[in-house]
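The values are calculated or read from the model by the stated rules, or taken from the named source; none is laboratory data. Because the structure is predicted, anything quoted here is derived from the model rather than measured. So basically every Cβ, Gly included, is an ideal-geometry build from the backbone, and we count neighbours across all protein chains shown.
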Amino acid sequence: MLLLGIESSCDETAAAVVEDGKRILSNCVASQIEIHRKYGGVVPELASRHHLENIVPIVNAALNEARVEKEAIDAIAVTQGPGLVGSLLVGVNYAKALSYSLKRPLLAVNHIEGHIYSVPLQLACDEVKNQTTDPGWDLLFPALALVASGGHTSLFFVKQIYGRAKEPASYELVGRTRDDAAGEAFDKVAKLLHLGYPGGPVIDRLATRGDPFAVDFPATRMSNSKLDFSFSGIKTAVLRYAKSNLSNELNALAVHRNKQDVLDHLPQSIYDVVASFQRTAVESLFSNTMRAAEVRQPRSIMVSGGVACNTYLRTRFREGFQKKQTPVHFPSPALSTDNAAMIAAAGNAKFHQREFSDLGLNADVNLRLG
Ligand code: KG4
Ligand code: ZN
């Protein structure tokens, strides 16, 4: 069965063709990073305008790359929310128009559920590549799924997802951010240190040159027993530290904003701050996940969303959970950041549950999961 996935919740216009929820025939993304870079963050009005320009070419690119005609598509899955309203509406309306004209079912997917599906999708792709016959999927659940991106930071206890078991999917929210998302903190810290946008990849790279224990930034821990996250305190601590200790270095850097050659020759003190911030932010994600794992005893940990690309985070989680002998699974970087293959994979499961949407489908900015 061929599914066309469409994703436009934030600043990436994406389309993908996925066969049987596990073979990615194409996964195309039109990134708007260059457009938003000069503003240091996503400008919603510009994002929706560019989605409008990109949606038709990106869907055509996905069909061409997959070498399938529109008519060969069995169903269309689209991100319904959460996200930016103007951005979501472009994908939802285009998917509805396609569903109507091709007479194919429409499947509404929660963007966060899409991120969670990126992990089983990755494992399925690996199985197909390695020609493994026993997928061993059932051994993944119950799982703890951390979704950490520019817009969301949530931890779910996932008893089961659709697709393998007969039971319906079950997501229990065990922790979420009270303020900034983890990726947002990376982006804001990079902005205040004049390192460019998006912050995650540049901080990841520069942190390898610094001492992660050079500066002791306080990690926020909730006073009650909840496993919620908070990242605005770390960001403010970096801001205060930078103002008191790095003002000359940052004034010099401000003039050379975003220049690669300058980033490779920064004062050691900046690399140290970057590495220390990254360690603190990752530690907060890790420690809450570990605390949840102590109580829930999951069979696996799944980490997805753009922040899952972070190399320090991958090592910390893998090494940290090794002691508990709990496997940690990450999608590839292309499946970690926003993409439509994960939306098609989640849509495929919904197809089998016969959870179809009709043409009355509307974008839902605050769509919840769990
Ligand atoms: O999943 P995503 O593409 O979009 C949202 O759903 O938000 O995530 C984008 C976020 C950005 O905040 C970006 O800075 C962060 O993911 N990110 C990273 C890395 N790569 C992307 N954060 C930390 N380390 C990275 N290597
Ligand atoms: Zn996302």
| request: Evaluate segment 333-342: report whether one residue or more is touching a residue at least 24 places away in the same chain (Cβ under 8 Å), surrounded by fewer than 20 Cβ atoms within 10 Å (Cβ to Cβ) and either closer than 30 Å to residue 97 by Cα or under 15 Å from the mean Cα position of the chain (by Cα) (or both). | output: yes
| said: Every residue in segment 266-312 that is away from ligand 1 (no atom under 13 Å from the Cβ), outside any helix (DSSP H, G or I) and either in contact with a helix residue (DSSP H, G or I) (Cβ under 6 Å, 6 or more places away or on another chain) or farther than 30 Å from residue 250 by Cα (or both), please. | reply: 267, 297, 298, 299, 300, 301, 302
| query | Could you say which residue among 2, 89, 25 is in contact (Cβ under 8 Å) with a residue 60 or more places away in the chain and under 25 Å from residue 129 (Cα atoms)? | reply | 2
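Would you point out the residue of segment 313-332, among those that are assigned to a helix (DSSP H, G or I) and charged (D, E, K, R), that is surrounded by the fewest Cβ atoms within 10 Å (Cβ to Cβ)? Steps first, answer last, please.
We begin by selecting, within segment 313-332, every residue assigned to a helix (DSSP H, G or I); these are 313-322.
Now restrict to residues that are charged (D, E, K, R): 314, 316, 318-319.
Numbers: 314: 15, 316: 19, 318: 15, 319: 11.
Among residues in segment 313-332 that are assigned to a helix (DSSP H, G or I) and charged (D, E, K, R), the one surrounded by the fewest Cβ atoms within 10 Å (Cβ to Cβ) is 319.
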| said: Taking the condition of being surrounded by fewer than 20 Cβ atoms within 10 Å (Cβ to Cβ) and in contact with an Asp or Glu (Cβ under 6 Å, 6 or more places away or on another chain), how many residues in segment 185-218 meet it? | reply: 2
| request: Keeping to segment 295-334, report how many residues are in contact with a Leu (Cβ under 7 Å, 6 or more places away or on another chain) and of a type in the set (Val, Ile, Thr). | output: 3
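Take the conditions within 16 Å of ligand 1 (Cβ to nearest atom), under 16 Å from residue 344 (Cβ atoms) and at pLDDT 95 or above and apply them to residue 87. Does it pass? Reasoning before the result, please.
Details: within 16 Å of ligand 1 (Cβ to nearest atom): yes; under 16 Å from residue 344 (Cβ atoms): no; at pLDDT 95 or above: yes.
No: the conditions fail for residue 87.
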| So which residues in segment 336-357 are within 17 Å of residue 123 (Cα to Cα), not in a helix (DSSP H, G or I) and not polar (S, T, N, Q)? | 340
| query | Residues of segment 1-48 being surrounded by 19 or more Cβ atoms within 10 Å (Cβ to Cβ), within 16 Å of ligand 2 (Cβ to nearest atom), assigned to a loop (DSSP other than H, G, I, E, B) and not hydroxyl-bearing (Ser, Thr, Tyr), which ones? | reply | 10, 11, 32, 42
